[in-house]
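Scroll down for the structure; my scribbles are underneath it.
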Amino acid sequence: MRVLPRRRSREQAEGTWYPRWYWPGFALPGTLWMLVLFVLPFYVVVSIAFGTVDPVFQSPLPIYEPWWWTNRYLLEEWHFATGEFRAVELRTLVYVVLATAICLVIAYAVAYYVARFGGKRKGLFLALLIAPFFISYLMRMLSWVELLQPNGYVNDVLSFLHITPHPINWLAGVPFTVVMGLVYGYIPYMILPLYGFLDRIDQRHLEAGRDLGANPFWTFVRVTLPLSKPAILASLVIVTLPMFGDYYTNNLLSGSPKTTMFGNLLDNAMEATGQGPEAAVLVLFLVVFLMIPMLYYMRETAKAQRNQ
Amino acid sequence: MSETVSERPPVERRKEGAAPRAPSASTRTPLGWWRNPWRKPYILGAVTWMYLAWSLLPVLIAIAISFSAGRSNAAWQGFSTQWWWGHPKSDPTGALFVSPELHAALIQSLRLSFLTMFIAVPIGVAFAIGISRWRGPAPAGANFLMLFSFVIPEIIIGISMFLFFTYLLKFVHLGTGAQLLSLVTYQVSYPVIIVRARMLSIGREYEEAATDLGASPTQAVRRVLLPLLYPAILVSFVLVFADTIDDFITVRYLSGGSSTEPLSVKIYNYSRGTLTPAINAAATFLLFSTLVIAVIGVFLYRRITRGQRGQTQEMAGHLT
């Protein structure tokens, strides 16, 4: 195997094996698809955000030439974003941070246990951890909607244990329900990458820590935790990105204006007629806000691909 | 003598999952138990099992309710299949396979998932092969686009597709065509990421050996590279199917009418209003069809990787 790199460079210098267009040809359909159906739609969003509105029908009139762009809607929405929507944005941030923190604690414990102490049951554990990927998000939310109803099983259990005197309506805008729903919805996406990383940690590092006199707790804090920092960061980004665009968890488990999140603003703008520019501007805000975590995650993914 | 032994546990390499040592005097008290570094990780184990129960029990209850005999979706009221196939005595119009609305949605779900799977995976696989071998700055840019579509929140794709088909590409009417185009756009990055990872772990040596032995570039790809990629391609097929049949975010904005709404969108719409166990049956059907595809996938995976060890772990490796 070691001799091959030299041969490869010689063949490349000759360059007779593959026509120039050969490998680009493979990538061509996918590249064209993404240019036409990913980049161009986004350009339409920008054109609508910087465009105007038909005075009669209130439908957006996109402006495709950047030199004619107007920033009327951008300013208008910025005014809302810094005023009326501030509460929604803060709430979104609080919910997402809370849900992500809870996710991380549970996910790390589970991933750590399965990676280190899974033993013979590792296959079973993995199958059970992967199962949520094959159960639709909707079904997982639906089952909680049913459990949390006033006459549902959760209230049955609570009144049976005499914890609450009368049934609680969990689905009427309770922040706890929404945060729990977010944790429940996204935690599988965190456990699997964490497990994948923790499973690859060389056991000898931990043994060295123990041999040098650290107890299990300090071995964890000084060895395992620093080693898994990249995986923690990546998995945090994996779950926070979709949470910021999430409106469905909230709509299914609460639907009350008391728990509105940023995703709901987007969805409401889409459902109301003649609000194209609003939706487009909100999309731009969200993309700009999420740009740094998105770029971070893309860089990490590309790096992981190269290092494999 | 025995005191010192219990104070200082012998330095001994503990094997993974090995049984705890016989309890010495200090481990009998709660504090001693807590301090014993060789005790089994009972707390972590409890957390894991509790998590698994929390994660999967609600879904099992929801599946059970789809076989309930009552109208309530909050409690199980005896076994019946009336919410699947209807029941002659009760009102059968709401059952999954009987209601014209749900039945049409079911067909639409399957049609969209299969079409998306068979369009997105070949494009993605070819793209992954192309950018892994093509040198220069262009493939990095194309890969950047792919990864971008992977990390962006799905609602953004849904909204931009809706605006695109409504204001620019007006000849694509909202409905199956628009749904399909946006589903493929959102899903194509899965096969790219999975297959590219596999390409990088395979390396170029096998193809070079093939071309050295006289194979043409196309033969090298078809006879050597593709068979090596089959496991990754298979995992892509299953994942794309599972993700598409559950998708309702992009599709909901692009339905253009209730006749092209797939089952997932129907479930979402009903979940906010009146729920009957028929919706549970619909969700269970989605789960069941995903499982069928996954089982076929596992079966084919085992056939392809016959004789290799650690299959389950490797298959999970594709997912992480």
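The values are calculated or read from the model by the stated rules, or taken from the named source; none is laboratory data. Only a predicted model underlies this, so the values are computations on that prediction, with no experimental measurement involved. Please note: Cβ atoms are built from the backbone with ideal geometry, for glycine as well, and neighbour counts cover all protein chains shown.
Restricting attention to the range B:256-265, which residues are surrounded by fewer than 20 Cβ atoms within 10 Å (Cβ to Cβ) and in a loop (DSSP other than H, G, I, E, B)? Spell out how you get there, then give the answer.
To start, the set of residues in the range B:256-265 that are surrounded by fewer than 20 Cβ atoms within 10 Å (Cβ to Cβ) comprises B:256-259.
B:GLY256, B:GLY257, listed by residue number.
Do we find a residue being without any contact (Cβ under 8 Å) to a residue 24 or more places away in the chain, more than 9 Å from every other protein chain (Cβ to nearest Cβ) and part of a strand (DSSP E or B) anywhere in the range B:64-79?
Checked the range B:64-79: at least one residue is without any contact (Cβ under 8 Å) to a residue 24 or more places away in the chain, more than 9 Å from every other protein chain (Cβ to nearest Cβ) and part of a strand (DSSP E or B).
So, in the range B:187-210, of the ones that are polar (S, T, N, Q) and modelled with pLDDT of 85 or more, which residue ends up nearest to A:ALA302 (Cα to Cα)? Break it down stepwise before answering.
In the first step, residues of the range B:187-210 are kept if they are polar (S, T, N, Q); the result is B:187, B:189, B:201.
Cutting the leftovers down to modelled with pLDDT of 85 or more gives us B:187, B:189.
Values: B:GLN187: 18, B:SER189: 13 Å.
Out of the qualifying residues, it is B:SER189.
Which of the residues belonging to the range B:121-138 are facing chain A (nearest Cβ under 7 Å) and in contact with a Pro (Cβ under 8 Å, 6 or more places away or on another chain)? Outline the logic, then answer.
Taking the range B:121-138 and keeping what is facing chain A (nearest Cβ under 7 Å), we get B:123-124, B:126-127, B:129-131, B:133-134.
Once the filter is applied, which keeps residues that are facing chain A (nearest Cβ under 7 Å) and in contact with a Pro (Cβ under 8 Å, 6 or more places away or on another chain), the range B:121-138 yields B:ILE123, B:GLY124, B:ALA126, B:PHE127, B:GLY130, B:ILE131, B:TRP134.
Kindly provide the set of residues from the range B:153-167 that are without any contact (Cβ under 8 Å) to a residue 40 or more places away in the chain and more than 7 Å from chain A (Cβ to nearest Cβ), ordered by number. Let's see the steps before the verdict.
So in the range B:153-167, the residues without any contact (Cβ under 8 Å) to a residue 40 or more places away in the chain come out as B:153, B:156, B:160, B:163-164, B:166-167.
Selection gives B:THR166 alone.
Of the residues A:ARG204, A:ARG210, which single one is over 30 Å from A:ILE135 (Cα atoms) and out of contact with any helix residue (DSSP H, G or I) (no Cβ under 9 Å at 6 or more places or on another chain)?
Details: A:ARG210 fails: out of contact with any helix residue (DSSP H, G or I) (no Cβ under 9 Å at 6 or more places or on another chain).
Selected residue: A:ARG204, the only one of A:ARG204, A:ARG210 that is over 30 Å from A:ILE135 (Cα atoms) and out of contact with any helix residue (DSSP H, G or I) (no Cβ under 9 Å at 6 or more places or on another chain).
Only one residue in B:LEU174, B:LEU180, B:LEU145, B:LEU163 is part of a loop (DSSP other than H, G, I, E, B), within 28 Å of A:PHE244 (Cα to Cα) and not aromatic (Phe, Trp, Tyr), so which one is that? Explain how you work it out, then say what you get.
Numbers: B:LEU180 fails: part of a loop (DSSP other than H, G, I, E, B); B:LEU145 fails: part of a loop (DSSP other than H, G, I, E, B); B:LEU163 fails: part of a loop (DSSP other than H, G, I, E, B).
Going through B:LEU174, B:LEU180, B:LEU145, B:LEU163 in turn, the sole match is B:LEU174.
Output the residues belonging to the range A:272-289 that are facing chain B (nearest Cβ under 7 Å) and either modelled with pLDDT of 90 or more or not in a helix (DSSP H, G or I) (or both).
Applying the first criterion (facing chain B (nearest Cβ under 7 Å)) to the range A:272-289 yields A:276, A:279-280, A:283, A:286-287.
Answer for the range A:272-289, where residues must be facing chain B (nearest Cβ under 7 Å) and either modelled with pLDDT of 90 or more or not in a helix (DSSP H, G or I) (or both): A:VAL283, A:LEU286, A:VAL287.
For the range A:51-60, which positions are in contact (Cβ under 8 Å) with a residue 24 or more places away in the chain and in a loop (DSSP other than H, G, I, E, B)?
A:GLY51, A:PHE57, A:GLN58, A:SER59
Quick check: is even one residue across the range A:122-144 in contact with a Lys or Arg (Cβ under 9 Å, 6 or more places away or on another chain) and at positive phi? Show your work before the answer.
So in the range A:122-144, the residues in contact with a Lys or Arg (Cβ under 9 Å, 6 or more places away or on another chain) come out as A:132.
Still in the running and at positive phi: none.
Checking the range A:122-144: not a single residue is in contact with a Lys or Arg (Cβ under 9 Å, 6 or more places away or on another chain) and at positive phi.
Name the single residue that is surrounded by the fewest Cβ atoms within 10 Å (Cβ to Cβ) among those in the range A:208-258 being of a type in the set (Lys, Arg) and free of Cβ contacts under 8 Å to residues at least 12 places away in the same chain.
Within the range A:208-258, the match that is surrounded by the fewest Cβ atoms within 10 Å (Cβ to Cβ) is A:LYS229.
For the range B:266-283: of the residues being surrounded by fewer than 24 Cβ atoms within 10 Å (Cβ to Cβ) and out of contact with any Gly (no Cβ under 7 Å at 6 or more places or on another chain), which is nearest to B:PRO191 (Cα to Cα)?
Within the range B:266-283, the match that is nearest to B:PRO191 (Cα to Cα) is B:TYR268.
Among (1) in contact with a strand residue (DSSP E or B) (Cβ under 6 Å, 6 or more places away or on another chain); (2) within 29 Å of B:LEU234 (Cα to Cα), where does B:TRP76 come up short?
For B:TRP76, the exception is condition (2).
Looking only at helices (runs of 4 or more DSSP H) that lie completely in the range A:61-144, which have at least 2 residues being farther than 26 Å from B:LEU291 by Cα and facing another protein chain (nearest Cβ under 8 Å)?
Numbers: elements: A:72-82, A:86-117, A:122-134.
Of the helices (runs of 4 or more DSSP H) lying wholly inside the range A:61-144, those with at least 2 residues that are farther than 26 Å from B:LEU291 by Cα and facing another protein chain (nearest Cβ under 8 Å) span A:86-117.
Looking at the range A:161-222, what helices (runs of 4 or more DSSP H) fall wholly within it and have at least 2 residues that are of a type in the set (Gly, Ala, Ser)? Break it down stepwise before answering.
Values: elements: A:175-200, A:203-211, A:216-219.
Where helices (runs of 4 or more DSSP H) fall fully within the range A:161-222 and carry at least 2 residues being of a type in the set (Gly, Ala, Ser), they are A:175-200, A:203-211.
Of the conditions (1) within 7 Å of another protein chain (Cβ to nearest Cβ); (2) within 21 Å of the chain's Cα centre (by Cα); (3) crowded, with 22+ Cβ neighbours inside 10 Å; (4) not acidic (Asp, Glu), B:VAL235 satisfies every one except a single condition; which number is it?
Result: B:VAL235 passes all but (1).
Listed here are the residues, each with its yes/no results for (1) of a type in the set (Phe, Trp, Tyr); (2) within 21 Å of A:GLY118 (Cα to Cα).
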| site | (1), (2) |
| --- | --- |
| A:PRO167 | no, no |
| A:TYR189 | yes, yes |
| A:TRP218 | yes, no |
| A:SER228 | no, yes |
| A:PRO242 | no, no |
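Considering only the range A:5-54, state which residues are modelled with pLDDT under 90, facing another protein chain (nearest Cβ under 7 Å) and closer than 21 Å to B:LEU168 by Cα.
Scanning the range A:5-54 gives a single hit, A:ILE48.
Checking B:ALA242 against (1) closer than 30 Å to B:MET161 by Cβ; (2) of a type outside the set (Val, Ile, Thr); (3) at the interface with chain A (Cβ under 7 Å from one of its Cβ atoms); (4) surrounded by fewer than 24 Cβ atoms within 10 Å (Cβ to Cβ), only one condition comes out false. Which one?
(4)
So in the range A:197-207, with the set limited to residues that are closer than 22 Å to A:CYS103 by Cα and of a type in the set (D, E, K, R), which one is surrounded by the most Cβ atoms within 10 Å (Cβ to Cβ)?
Taking the range A:197-207 as the starting set, the residues that turn out to be closer than 22 Å to A:CYS103 by Cα are A:197-201.
Retained after the next criterion (residues that are of a type in the set (D, E, K, R)): A:199-200.
Working: A:ASP199: 19, A:ARG200: 13.
Selected residue: A:ASP199.
So which residues in the range B:138-183 are under 28 Å from B:ARG196 (Cα atoms) and among the charged types (D, E, K, R)?
Selection gives B:GLU154 alone.
Can we say B:VAL292 is in a helix (DSSP H, G or I), modelled with pLDDT of 80 or more and over 30 Å from B:GLY158 (Cα atoms)? Show your work before the answer.
Values: in a helix (DSSP H, G or I): yes; modelled with pLDDT of 80 or more: yes; over 30 Å from B:GLY158 (Cα atoms): no.
Judged against the criteria, B:VAL292 is not a match.
Can you tell me how many residues in the range B:86-105 are assigned to a helix (DSSP H, G or I) and at pLDDT below 65?
Initially, the range B:86-105 is screened for residues assigned to a helix (DSSP H, G or I), giving B:92-94, B:100-105.
Next cut, at pLDDT below 65 only: B:92-93.
Residues flagged as assigned to a helix (DSSP H, G or I) and at pLDDT below 65 within the range B:86-105 amount to 2.
It is to be established whether one or more residues within the range B:209-224 are among the acidic types (Asp, Glu) and within 7 Å of chain A (Cβ to nearest Cβ). Can you show your working first?
Residues of the range B:209-224 among the acidic types (Asp, Glu): B:212.
Adding the requirement that they be within 7 Å of chain A (Cβ to nearest Cβ) leaves none.
No, the range B:209-224 has no match at all.
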